[in-house]
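J.: First the structure, which I've put down as structure tokens, then a few questions once you've had a look.
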Amino acid sequence: MAIFSFLNKILGSLKYAVAQHPIEILLTTIFAVPLLFIDILYLQHRAYWIFTPVFLIVVYLFRQTKWYNFSWLVPALSCVALWYFNDNAEIYLTSPKFWGLNCIMIIILFSMPFQRENQSYISDALSTVFNVLFASLTGWLISGIIFAVMGSIEILFGSTIDWELQSRIVIFSCYFFIPLFFLTYQQRQSNKLTLERWLDILLSFVAAPTLMLFTVILYVYVAKIIMDGELPQGMVANIVLPYVTIGLAIYCLRTISEKPRWNTFFHWYPYLAIVPFVLLWFAIKSRISAYAWTEDRIYLVALASALSICYIIVMLPKLRQYRNLALIIIVAIFTMTFVLNPKQIAYDSQVTRFEKALERLDVLQNGKIRSDFNVKKDLSKIPESQVKDWQMIRELAGYLFYNLERPLEMDQNWSAETIFVNKYGPQFSELRRIYIYSDGRITLDDEMISNETVSSMVYKRETNLDININGFKRLVYWEEFINRNENFWDQSSPYKSLPFCLVTDEESCWDLDEMIREAFSKHKLDPMVRHSRDILEPLNADLLNFTDKNGNKLLLGDIRIVFLEEQGYVLSNMSRVMVLMK
């Protein structure tokens, strides 16, 4: 009986929700039912469905106005506009305007009816938030039940239900039941007091003490940097931003408490947050001064600005209405998505940074890279003081190339490479392809172009090997040999060379480290001293073609030698080894 009573209660609530929100239910049905017959995941023209939440929120907000009966015109005309202009969902899913619109509509949904009294405003907003969460959980629960039922049918009756059909049913249930149960839960206020009491306990005994602890930590940190005469660390923004954001949320949510605790602290909290804000803005300024604007930093500045204004409002009793905070956030989102273009602003800032770096190194003149600048030649001997500058230039060249805005429609004549070559010169293409190691070594298309002393060197056979087997009894091929004895990198233990051995009729072994030292001696080089690439390159023929005292030959496809402090240059690995044995 209790189960039937519970089900009747739910059905009664659903009927009441349908009666109170007929247009929302109709709109939900119109958009959900087609999902049973089409595969939305692979449908190109699915922009109508990604805008469904916005359509539902707009119609829902009309419910208490005299225009409610005409609210269906908004989604109808919007769908016509999408069909006429472009109904490809990918265009909107990659647009900040789309996500900005969704965020604004969600904030408006939670804020309505924008009550002047702070406690009522927070209470209504929390109720809507919880109803959205519970409706989502209910929709997912129904999807899980559907999955379980279909799985049970497959197991018990040996039938097979098409996976595509299962996914369609699950997507339909989410699209249909989540809005339906949200409208149902919005009619019920019985759980509102329970939720507020639970949140009151969480705020009073967990969130508020944590906020006070972080306040103490930040002020101790400020005292430390003042006493040490240091500047704040750049990563301090990663701590301060969550601190002021969550702190503002806790400050506002306390209004629902019947007997709020920590009144003295929260009375002064907006003023205590001034010092953390100083740290935040100092950190932001430092990062922008050093690395210019990026898209993330622009959004960071927007969020920090909005939070700063919110704290100012909280400090002023005449303006301390929490609905004003929501309006500030809405304006900030609208500005960053519909008015400004953070991606383009950041790109232009990095272009300026790239050009200034080239000008600082006397490479850029009149907007173009000097015609006499040769990447291979001029970067082969750069001073250590310029290594970081060239690392930055290389990174910026890649950033500018890969983040250049592409045309919306494919154009076979469009080429990012051509655009940058025309703008800066042919050297830009090479700057993008260089790689600078932390020790100053520079490669271009994996070819080493720097001439500093190197700790490793790779020799490769560039031509096909013409083998004359006359006078040899046996030819053995070995794919790869790696010198990996247990003490190779552990300089605290004695190094022991790992011999290269072949077992045929009898075991034959070669000490490659000794043969490498002989090659160095032949060229009158000391293997215990680091050498530049130019000096090591002539060893190519001797290190790819070894002949031992017995006349056996080792012909290598490639070999890599490395420099160890106690042993000098030794073998790291070799591959494609041809052994001609007498």
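The values are calculated or read from the model by the stated rules, or taken from the named source; none is laboratory data. Note that the structure is a prediction, hence the values are computed from the model and not measured. All Cβ positions, even for glycine, are placed from backbone atoms using ideal geometry, and neighbour counts span all protein chains on display. Only protein heavy atoms, including side chains, enter the accessible area calculation; ligands, DNA and RNA are left aside. Shrake-Rupley method; radii C 1.70, N 1.55, O 1.52, S 1.80 Å.
J.: About the Cα centre of the chain, how large is the charge dipole given +1 on each Lys and Arg Cβ and -1 on each Asp and Glu Cβ? Please answer in debye to the nearest 20.
T.: Using only the charged Cβ atoms, the result is roughly 2600 debye.
J.: Choose one of Thr65, Ala306, Ala207: the residue whose Cα lies farthest towards the positive end of the charge dipole of the chain (beta-carbon charges +1 Lys, Arg; -1 Asp, Glu; about the Cα centre).
T.: Farthest along the dipole direction, towards plus: Thr65.
J.: As I understand it, the dipole of the chain uses +1 on the Cβ of Lys and Arg and -1 on the Cβ of Asp and Glu, about the Cα centre. Which of Phe147, Trp268, Pro383 lies farthest toward its positive end?
T.: The residue sitting farthest along the positive end of the dipole is Trp268.
J.: Can you list the lysines whose alpha carbon is less than 21 Å from that of Lys368, not counting same-chain residues fewer than 8 positions off?
T.: Correct list for Lys368: Lys356, Lys376, Lys377, Lys423.
J.: Suppose R0 equals 56 Å. What FRET efficiency, 1/(1 + (r/R0)^6) with r the Cβ-Cβ distance, do Ser289 and Trp140 give to the nearest 0.05?
T.: Plugging the Cβ-Cβ distance into 1/(1 + (r/R0)^6) gives 0.75.
J.: What figure in square angstrom, to the nearest 10, would you give for the accessible area of Lys224 with a 1.4 Å probe?
T.: Roughly 100 Å² of Lys224 is accessible to a 1.4 Å probe.
J.: What percentage of the solvent-accessible surface of region 272-351, computed with a 1.4 Å probe over protein heavy atoms, is contributed by carbon and sulfur atoms?
T.: Accessible surface attributable to carbon and sulfur in region 272-351 totals 72 percent.
J.: Further question: List the extent of the Cα atoms of region 17-155 along each of their three principal axes, largest first, rounded to whole Å.
T.: Here the spans come out as 56, 41, 31 Å, largest first.
J.: In degrees between 0 and 90, to the nearest 10, how far off the longest principal axis of the chain does helix 342-360 point, with axes built from Cα atoms?
T.: Once rounded, one gets 30 degrees.
J.: Can you tell me the orientation of helix 118-157 relative to the chain, as the angle in degrees between its alpha-carbon axis and the longest Cα principal axis, to the nearest 10?
T.: Taking Cα atoms only, the helix is inclined about 70 degrees.
J.: Quote the accessible area belonging to Met235 in square angstrom, nearest 10, computed with a 1.4 Å probe and with ligands, DNA and RNA left uncounted.
T.: For Met235, solvent-accessible area is about 120 Å².
J.: Sticking with this one: Within the chain, what is the longest stretch that has no GluC sites (Glu not before Pro) placed in a DSSP loop and near at most 13 other beta-carbon atoms within 10 Å? The partial results should precede the final answer.
T.: Numbers: sites that count: Glu117, Glu230, Glu258, Glu405, Glu409, Glu462, Glu486, Glu506, Glu565, Glu566.
Formally, the longest exposed-site-free interval is 259-404.
J.: Starting from the Cα coordinates of region 225-370, work out the convex hull volume and express it per residue in Å³.
T.: Roughly 142 Å³ of hull volume per residue.
J.: Leaving out ligands and nucleic acids, note down the accessible area per residue over the chain with a 1.4 angstrom probe, in whole Å². Display every interim value, and only then the final one.
T.: Working: 33530 Å² over 582 residues.
Per-residue accessible area for the chain comes out at 58 Å².
J.: Quick check: the angle from helix 2-20's long axis to the longest principal axis of the chain, C-alpha only, nearest 10 degrees?
T.: 80 degrees
J.: Here is a follow-up. Using a 4.7 Å Cβ cut-off, which Cys residues in the chain lack a partner cysteine?
T.: Result for the chain is Cys79, Cys103, Cys174, Cys252, Cys310, no neighbouring Cys Cβ within the cutoff.
J.: Could you report the accessible area of Val503 in Å², rounded to 10, computed with a 1.4 Å probe on the protein chains as they sit in the structure?
T.: 110 Å²
J.: So if I place +1 on the C-beta of Lys and Arg and -1 on the C-beta of Asp and Glu, and nothing else carries charge, what would the dipole magnitude of region 57-203 be about its Cα centre? I want it in debye, nearest 20.
T.: 520 debye
J.: Counting only C-alpha contacts under 8 Å and six or more residues apart, can you give the relative contact order of the chain as a whole percent?
T.: 10 percent
J.: Just want the answer: with Cβ charges of +1 for Lys and Arg and -1 for Asp and Glu, which residue in Ser123, Phe134, Tyr92 is farthest toward the dipole's positive end in region 55-142?
T.: Ser123
J.: May I ask for the distance between the Cα centers of region 316-360 and region 207-279, given as a whole number of Å?
T.: Their Cα centres are 24 Å away from one another.
J.: Also: Can you compute the charge dipole magnitude of region 273-369 about its Cα centre, using +1 on each Lys and Arg Cβ and -1 on each Asp and Glu Cβ, nothing else charged? Give it in debye, rounded to the nearest 20. Walk me through the numbers before you get to the answer.
T.: On the way: 11 positive and 6 negative charges, 70 e Å.
So the magnitude is around 340 debye.
J.: Where a ≥ b ≥ c are the square roots of the eigenvalues of the C-alpha gyration tensor, would you call region 168-286 rounded, which needs a/c under 1.5, or, failing that, prolate if a/b is larger than b/c, or oblate?
T.: oblate
J.: Which value at 222 nm does the chain reach when only helices count, each DSSP H run of 4 or more adding -39,500 (n - 2.57), with the total divided by all residues and rounded to the nearest 500 deg cm²/dmol?
T.: Result for the chain: -18000 deg cm²/dmol, rounded to the nearest 500.
J.: Continuing with this model, one more query. Top to bottom by accessible area (1.4 Å), largest first, where do Asp296, Asp466 land?
T.: From most exposed to least exposed: Asp466, Asp296.
J.: Over the Cα atoms of region 303-346, how large are the radius of gyration and the largest Cα-Cα distance (Dmax), in Å?
T.: 12.3, 39
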